[in-house]
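A.B. asks: What follows is a structure written as structure tokens; I'll ask about it next.
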Amino acid sequence: MLYLLILVAGGVLSWLGPWWMIAPVCFVLCWWKARSAGNAFWVSALAGITLWVGYGTYLHLAADVDLAGRVAGIFTGGAPALSWLPGIVLVSLISGLVVGLVSGFSGLAGVKMRAFRQTKKT
Amino acid sequence: MKLFRYFWPFFVALALIYVFDRSWALVPPLGRVFNPFGGFWTNGISRLPADGELVLPGLRDEVVVHYDDNAVPHIFAQNDDDLYFAQGYVIARDRLWQMEFYALVAAGRLTEVVGAAALDYDRFNRRIGMARTAAAITDKLKNDPTADRILRAYAAGVNAYIEQLDYADLPVEYKLLNYRPEPWSPYKSILMLMNMRYTLNGGSNDPRLTNVLAKYGPEVVADLFPAYPAVESPIVPAGTEWPFKAEVPPAVPDTVAVLPDNGLLASRIPAPRPEIGSNNWAIGGSRSATGLPILANDPHLQLTLPSIWYQMQLCSPDVNVYGVALPGTPAIIIGFNKDVAWGVTNVGSDIMDFYRIRFRDKALDAYWHGDQWKPTTAHVETFKVKGGTEVRDTLYYTHHGPIVYHKAERAARARGIPVGYAMRWVANETDGADVLTFYYLNRAKNYEDYRKALSHFTAPAQNFVFSSNGGDIAITSNGKLPLKWKGQGRFLLDGASPAHDWQGWIPKEQNPAVKNPERGYVSSANQFPADTTYPYYLDWKFAHSSRALRINERLDAMKNATADSLRMLQNDEYNVDARRILPHLLPALAADDSIRRSAEFDAIDRWDHRNTADAVGATVFERWQSELLAAIWSDEFTQDERMLYPSLDRTYALIENEPEARWFDKVHTEDTVETRDDIIRESFRATIAKLKERYGEMSPRTWAWGKVKGTRIMHLVPNFTSFGRRHITNGGGNGVVNATSATHGPSWRMVVQLDKEWPVAYGLYPGGQSGNPGSKYYDNMIDRWAKGELDTLLFMKSAHDSSARLRHRILMKPEN
């Protein structure tokens, strides 16, 4: 449920706002719905990755040209050690890492802040 | 501590957002760039509507833009203001990043987007005066109602596009380099043209020839660096009478050069690049199948992505023209309309000279000239370096021009401009209005209109080829050409002597030109504009004559020619140098048994002199020529001493006529005297050894010319190698008509067959209309270009023309 909520709310707000919109979404939804710290981190990270890599892959498949491959080439600098890796995989890994870290820690922050509020109430 | 237990993930998340939101050294802001909702991913899909209506404040009336199947826009406006507004808008839509990048280069502002690494480059560009000159030209053009109007309309169109952009719409280069476009202005359009001036005229042989003079004296210079080549076919056919009374050229002074005080000058100013050149020609009705002229042009420039050219059609009640534009500049530069066609090649005469300046003292505020101290003008240039710091640099001007470098500093050595020398350069002339030449050519109906249009042009001088459906063909070496004494500026000049100043200008109507010559065609390939009967001095050296010779011998033989005959000539790969010199080289090789029996000798002996992609003989010949030149000259004209080699033509003449010349002997082998044939054999062996080392044993596959030449078309940002195209297989070479080398070549090929009713035209360039690496129109023409094909150009009569090739239609509407 949490996963789906992040996906939907994150998708809508990312469409409208800056790249880090996924962070407040994970924060708020985890505050509200997360069961535990681990649950918050991993569900947020997974949802963020699904959203970015999923939508990115969709755009990649819808495009006429392998732009992902060209951008990946800039990051590898044509290094032979990385040439076996398809560009889309490399850029998906970077995208996933960036959004996974940001959304994971944002979700974790949400559930931790909730815990802090609860310690103050009790 | 307890608080920390609850709050740390919050701060980690904030820190991550901060880190991924900004760029770190060469790493772009990863969060922004990799976000699929706005980062690079979105450049792979078109976010702008391909069809439909746009409301654009600034328009006066509606404008219709049709896009054809090659993404070429056909703009139909109801007045000229709207026409150039729409041109700016449409080019920005495809090429915004590229045009702004060029403007930053010419303005010496690259440090603002790439950081301190570009400081030397920027400083050089400011010191040769490009930004200041562009500003002065822009100021002057404000007083020219027509130029001012089109430049401002164009800028308004570009800005209308920029204002619509949000981050997701930005060209991907902005995202990767992490900056945003600035507003466009007429000044930036002029900067674009300054870039062209530098590209076409930004080199000089003067320092290196001066070193030769210092070491060997005037007799050797006169012998090895003659004022006219042994074999040449000038633009104005030899024997043409000059239809004017020439002014008396200035007298040659007693001293023609200033030599460096001690030793040879350590200058490394780039020599004029032989790859920068072009071909154009027009045949008259007597040679064409239609009975009317056919015109062809292919400018040779560095091949880049995005391409330097952009195809478009511009139509208003005042004009209907098709051709290529330079991104960032209004009007069509090379093209045709219903009645006329025109094209350009570079003249390349000597329009850059260096004057040794004697300053009064270290303050650099006065210099000696004409027996008195004259004040310099100082300007402080400020460089903003990405990241916040600022660097200042003072630029000093004499009446000659800017002191390019005045103290021995690292940048001076790197870019190689003589220290303490002022530069006189035609590119810093601020009169005229180049942009008006194109504005009026776009509207020309006949020869008289063509000549009037040319009168506005300043620099860099171009050979404007012309044809009309009235049956005229013509070519004019057009632009400001300094009036010089014979040989003025071959060497470094004396900044104190008024006799060494430029003496004025050749009257424009006396520039080399020819109309409807008897031979039935006009042509140019950057060779001498005229033979030695021309009354003015232009330069002692022009591009090697091989392309011109081949073009003219093929045009001489043409009868009933069609547009396709001219297309085939553009792709001609016959090597006239090989035809000229191999009969003198091969016997020397054959005299040596071990060479004669080798497969490599066999390859060049049986070669048909064509630089085709599969020719192994072409590989051996091309590599051998540079080896041969070095074998003859590098011992006496050493690169360490920065000396100029004699030209290819002079070298061939030496081989042909002076087998006993002392230059063949190697100076550092004291006991032996090498003969011409020794040098020929030795250089051949060295060539083969190097080829084997690099490509292995000779085979038709590994030594094929197309593979060894390895043509590539790279992105303007050198690091973005994956945005370029490598390993393009085609034939060609520096000295052949299809002048495709590894990095330079025909940047636009056009053939226009004029007609009383409606012209038929063909064209193609090695790239694509879109500057977006995520578009299928980014590089879609490259493969056809490599094969030498041309597209039939869709030249519409009106916005209501129907064609199966039209794909999209945009209606631009003014704000109510």
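Values quoted throughout were computed directly from the atomic coordinates according to the rules given, and no laboratory measurement underlies them. Predicted model only: the values in this text are computed from it and were never measured. As a convention, Cβ positions derive from the backbone with ideal geometry for all residues, glycine included, and neighbour counts pool all protein chains shown.
A.B. asks: Work out the mean other chain Cβ neighbour count within 10 Å for the residues of B:774-785 and drop it here as an integer.
C.D. replies: Per residue, the number of nearby Cβ atoms from other chains is 2 on average.
A.B. asks: Give a quick list of trypsin sites (Lys or Arg not before Pro) in the stretch B:80-136 that DSSP marks as loop, anything other than H, G, I, E or B, with at most 16 other Cβ atoms within 10 Å.
C.D. replies: Numbers: sites: B:Arg93, B:Arg95, B:Arg109, B:Arg123, B:Arg126, B:Arg127, B:Arg132; in loops: B:Arg109.
Sparse-neighbourhood loop trypsin sites (Lys or Arg not before Pro): none present.
A.B. asks: How long, wide and thick is the stretch B:278-402, going by the Cα atoms along their three principal axes, in whole angstroms, largest first?
C.D. replies: 69, 45, 32
A.B. asks: Let me ask another. Over chain B, what relative contact order in percent results from Cα pairs under 8 Å that are six or more residues apart?
C.D. replies: Details: 1740 pairs, mean separation 158.9, N = 816.
Computed over chain B, the figure is 19 percent.
A.B. asks: Take the Cα coordinates of the stretch A:2-121, assign each an equal point scatterer, and use the Debye formula without solvent to give log10 I(q)/I(0) at q = 0.12 Å⁻¹.
C.D. replies: The computed values of log10 I(q)/I(0) come out as -0.49.
A.B. asks: Rounded to whole Å and sorted largest first, list the principal axis extents of the Cα atoms in the protein assembly as shown.
C.D. replies: Extents along the principal axes: 106, 71, 69 Å.
A.B. asks: Under 16 Å Cα-Cα from B:Lys245, which aspartates and glutamates qualify once same-chain neighbours fewer than 8 residues away are excluded?
C.D. replies: B:Glu509
A.B. asks: Quick one: which residues, 5+ away or cross-chain, put their amide H under 5 Å from the amide H of B:Leu305? H built at 1.01 Å from N.
C.D. replies: Under 5 Å from the amide H of B:Leu305 lie the amide H atoms of B:Met714, B:His715, B:Leu716, each far enough along the sequence or on another chain.
A.B. asks: Partner chain Cβ atoms within 10 Å, averaged over the residues of B:12-21 - can you pull that number for me? Write out the running numbers ahead of the final one.
C.D. replies: Working: counts 7, 16, 6, 1, 9, 9, 1, 3, 7, 4.
Averaged over the peptide's residues, the number is 6.
A.B. asks: For A:Lys120, give me every one of the lysines with a C-alpha distance below 28 angstrom, ignoring sequence neighbours fewer than eight places off in its own chain.
C.D. replies: A:Lys33, A:Lys112, B:Lys2
A.B. asks: In whole Hz and in residue order, list the ³J(HN,Hα) couplings for the stretch B:556-565 that follow from phi through the Karplus curve 6.51 cos²θ - 1.76 cosθ + 1.60, θ = phi - 60°; x for Gly and Pro.
C.D. replies: 4, 8, 7, 9, 6, 6, 10, 4, 5, 4
A.B. asks: Could you pull out every one of the lysines with an alpha carbon less than 22 Å from that of B:Lys666, ignoring same-chain neighbours closer than 8 positions?
C.D. replies: B:Lys666 reaches B:Lys215, B:Lys690.
A.B. asks: Counting other Cβ atoms within 10 Å, which trypsin sites (Lys or Arg not before Pro) in the stretch B:618-710 have at most 16 and lie in a DSSP loop?
C.D. replies: Values: sites: B:Arg623, B:Arg642, B:Arg650, B:Arg662, B:Lys666, B:Arg676, B:Arg681, B:Arg685, B:Lys690, B:Lys692, B:Arg694, B:Arg701, B:Lys707, B:Lys709; in loops: B:Arg642, B:Lys666, B:Arg701.
Counting only loop positions with at most 16 other Cβ atoms within 10 Å, the trypsin sites (Lys or Arg not before Pro) in the stretch B:618-710 are B:Arg701.
A.B. asks: Given bins 10 angstrom wide, list per bin the percent of all Cα-Cα distances in the stretch B:27-77, short to long.
C.D. replies: Spelled out per bin, shortest first, that is 19, 33, 26, 20, 2.
A.B. asks: Counting only other chains, and only Cβ atoms inside 10 Å, what mean value do you get across the residues of B:715-722? Before the final figure, lay out the partial values.
C.D. replies: Details: counts 2, 0, 1, 0, 2, 4, 5, 11.
Partner Cβ neighbours, averaged per residue: 3.
A.B. asks: Hey, which of these cross-link pairs are over 21 Å Cα-Cα: B:Lys484/B:Lys508; B:Lys142/B:Lys338; B:Lys338/B:Lys452; B:Lys445/B:Lys797? Mind dumping the intermediate values first?
C.D. replies: Numbers: B:Lys484/B:Lys508 14 Å; B:Lys142/B:Lys338 31 Å; B:Lys338/B:Lys452 18 Å; B:Lys445/B:Lys797 16 Å.
From B:Lys484/B:Lys508; B:Lys142/B:Lys338; B:Lys338/B:Lys452; B:Lys445/B:Lys797, over 21 Å: B:Lys142/B:Lys338.
A.B. asks: Which distance in nm do the two modelled labels at B:Lys797 and B:Asp605 give, with both placed 7 Å along the Cα-to-Cβ direction?
C.D. replies: So the two model labels end up 6.3 nm from each other.
A.B. asks: Can you sort B:Tyr167, B:Tyr447 by how many other beta carbons sit within 10 Å, fewest first?
C.D. replies: Numbers: B:Tyr167 16, B:Tyr447 19.
Lowest to highest Cβ neighbour count: B:Tyr167, B:Tyr447.
A.B. asks: If you don't mind, there's one more thing I want to ask. Decide, for chain B, between rounded, prolate and oblate: order the square roots of the alpha carbon gyration tensor eigenvalues as a ≥ b ≥ c, take rounded if a/c falls under 1.5, and otherwise choose prolate if a/b is larger than b/c, else oblate.
C.D. replies: Rounded.
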